[in-house]
1. Which of the residues belonging to the stretch 33-49 are surrounded by 14 or more Cβ atoms within 10 Å (Cβ to Cβ) and either touching a strand residue (DSSP E or B) at 6+ places or on another chain (Cβ under 8 Å) or not basic (Lys, Arg) (or both)?
2. Taking the stated definitions as given, is PHE21 in contact (Cβ under 8 Å) with a residue 12 or more places away in the chain and surrounded by 17 or more Cβ atoms within 10 Å (Cβ to Cβ)?
3. List, please: which pairs have Cβ atoms under 7 Å, are six or more places apart or on different chains, and start with a residue in the stretch 52-67 that is over 11 Å from PHE21 (Cα atoms) and in contact (Cβ under 8 Å) with a residue 12 or more places away in the chain and end with one that is assigned to a helix (DSSP H, G or I) and of a type outside the set (A, V, I, L, M, F, W, C)?
4. For the chain, please list each of the strands (runs of 3 or more DSSP E) lying entirely inside it that holds at least 1 residues being at positive phi and not acidic (Asp, Glu).
Amino acid sequence: MTLHFPNPSRSFDSIKKRVSFWGYDSVIEVSFSVEKSALLKLYPSMIDTEAGFLKAFDSVLKKIHEAAENVYARGHLKGNFAYNLSADDF
């Protein structure tokens with residue numbers, strides 16, 4: 001299992017207050033979301049706006065990718081291809 005993040009796209013979900021992004025395991029697309037609590041843990045000065053969420057996300061992207069890889073490694077054998085990263089994952 002090797003997870004790659006070639007697509008730099010990310011999107012803000014204003015209803016659920018999270019940022020979504022995608023990774024790939026070979027040709028399989030895997031969806032991830034990072035909760036507000038996780039972003040605040042990683043970037044405590046985050047402002048509660050779309051721009052603030054995206055700035056926080058971009059600032060700690062390496063840590064987010066590392067957490068995504070760890071969470072995916074635990075769940076992909078169960079056929080999961082969508083993951084929500086919370087503060088506990090960091």
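1. First, the residues of the stretch 33-49 that are surrounded by 14 or more Cβ atoms within 10 Å (Cβ to Cβ): 33-43, 46.
Result: SER33, VAL34, GLU35, LYS36, SER37, ALA38, LEU39, LEU40, LEU42, TYR43, MET46.
2. Details: in contact (Cβ under 8 Å) with a residue 12 or more places away in the chain: yes; surrounded by 17 or more Cβ atoms within 10 Å (Cβ to Cβ): yes.
When the stated conditions are applied, PHE21 passes them.
3. ALA67/ASP89
4. It comes to none.
Okay, residues lined up against (1) of a type in the set (Phe, Trp, Tyr); (2) at pLDDT below 95:
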| site | (1), (2) |
| --- | --- |
| LYS17 | no, no |
| PHE21 | yes, no |
| ILE28 | no, yes |
| GLU50 | no, no |
| ILE64 | no, no |
| ASN70 | no, yes |
| ASN80 | no, yes |
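The values are calculated or read from the model by the stated rules, or taken from the named source; none is laboratory data. Note that the structure is predicted; figures quoted are calculated from it, not measured. Glycine also receives a Cβ, built like all others from the backbone with ideal geometry; neighbour counts cover every protein chain displayed.
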